[in-house]
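Below is one structure, written out as structure tokens; the observations come after it.
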Amino acid sequence: MAEEYYDFDAELRRRRSLAEESLGEQMLGITRLVAKSILLTRDIVAALSSGDDVKLSELHAQASQNKTRVESMKEDALAYLARLGDLLPTSTLYRDVFLNLARIAQIMEGIAYRAYVMASNSTIQSETIKELMARMASVLSREFEKLEAAIHLLPSNPRKSYEEAQMTSALEDEIDELYRQITFTMYKELHNDIVALMLFKDIVDMAEDVADLLRDTAEDVKFLALHQAQHR
């Protein structure tokens, strides 16, 4: 019978390859959108440092738009994963990447909003806080760049993808150190302005949450890279 000569393993490999190709494209598309939110970080810090609430209102609108688009793409990606069923052993890794990227976009919208509210009510006078904020924004952007490179390289060069993802850990450590410095400084410098202190604490905590999510997402990408490298 014809079924006896049909290569089911080859067909399974073909379907898995097509699924991974599609998921990779969706992951890269979402990453490019999240990049727009991350790129706002330095502008948010600069506007918050100068107390420019008008600029921060514009930045919040951009972050909110990015969040909405990312969430829409995430829902499409999750629906696609659901249709795949148990075809891929790495489905949960892709799912976690999509969820983490969407969460990053959500948090960036929250940071932009709190920065706008803070600038509308008070002005940061401390040069130390301004400098530490700028450094934190810079390291956060670098951490995202490594993750973005890892995702971009995943289908074509999984070994290099793994190396790029690995670099996020050291950058996340830098964020942790800056977080400790900023936390100490803000309690020292902003203790007389309880509203500014509460809002700024939210902003700093959320920035650290983004750094943690970038690290966690990079760990998922590392496993995906290992899986792809082993099955080539």
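Using Cα pairs under 8 angstrom and six or more residues apart, how large is the relative contact order of the chain, in percent? Intermediate values should be presented prior to the final figure.
Values: 276 pairs, mean separation 58.8, N = 232.
Across the chain, relative contact order equals 25 percent.
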* Structure fact -> Note to self, the chain gives a 222 nm [θ] from helices alone (DSSP H runs n ≥ 4, -39500 (n - 2.57) apiece, / all residues, nearest 500) of -31000 deg cm²/dmol
* Asked: Of LYS222, LYS146, LYS188, which is the most mobile in a GNM of the chain whose springs link Cα atoms less than 10 angstrom apart?
  -> LYS188
* To do: With θ set to phi - 60°, apply the Karplus curve 6.51 cos²θ - 1.76 cosθ + 1.60 along the stretch 47-55 and write out the HN-Hα couplings as whole Hz, x wherever there is a Gly or Pro.
  => 5, 5, 5, 8, x, 8, 6, 5, 4
* **Contour excess over end-to-end distance, with Cα ends at ASP173 and SER141 and 0.36 nm allotted per residue** => 10.1 nm
* Structure fact -> the chain: Kirkwood hydrodynamic radius (Cα pairs, Å) comes out at 18.9 Å
* Structure fact -> Out of LEU197, LEU214, LEU87, a Gaussian network model of the chain with alpha-carbon springs under 10 Å gives the largest mean-square fluctuation to LEU87
* To do: Straight distance only, please: which aspartates and glutamates reach the Cα of LYS55 with their own Cα at less than 12 Å, same-chain residues fewer than 8 apart left out?
  => ASP43
* To do: Rank ALA170, ALA63, ALA105 by mean-square fluctuation in a GNM of the chain with C-alpha springs under 10 angstrom and give only the top-ranked residue.
  => ALA170
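Between beta-carbons, use under 15 Å as the cut-off and find the net charge around SER37, counting Lys and Arg +1, Asp and Glu -1.
Details: positive: ARG32, LYS36, ARG42, LYS67, ARG69, LYS74, ARG103, ARG114; negative: ASP43, GLU58, GLU71, GLU109, GLU143, GLU145, GLU148, ASP209.
Its environment carries a net charge of 0.
Bear in mind that the values in this text are calculations on the coordinates, not laboratory data. Small disclaimer: the values here were computed from a predicted structure and weren't measured. With ideal geometry, Cβ positions are generated from the backbone for all residues, glycine too; neighbour counts draw on all protein chains shown.
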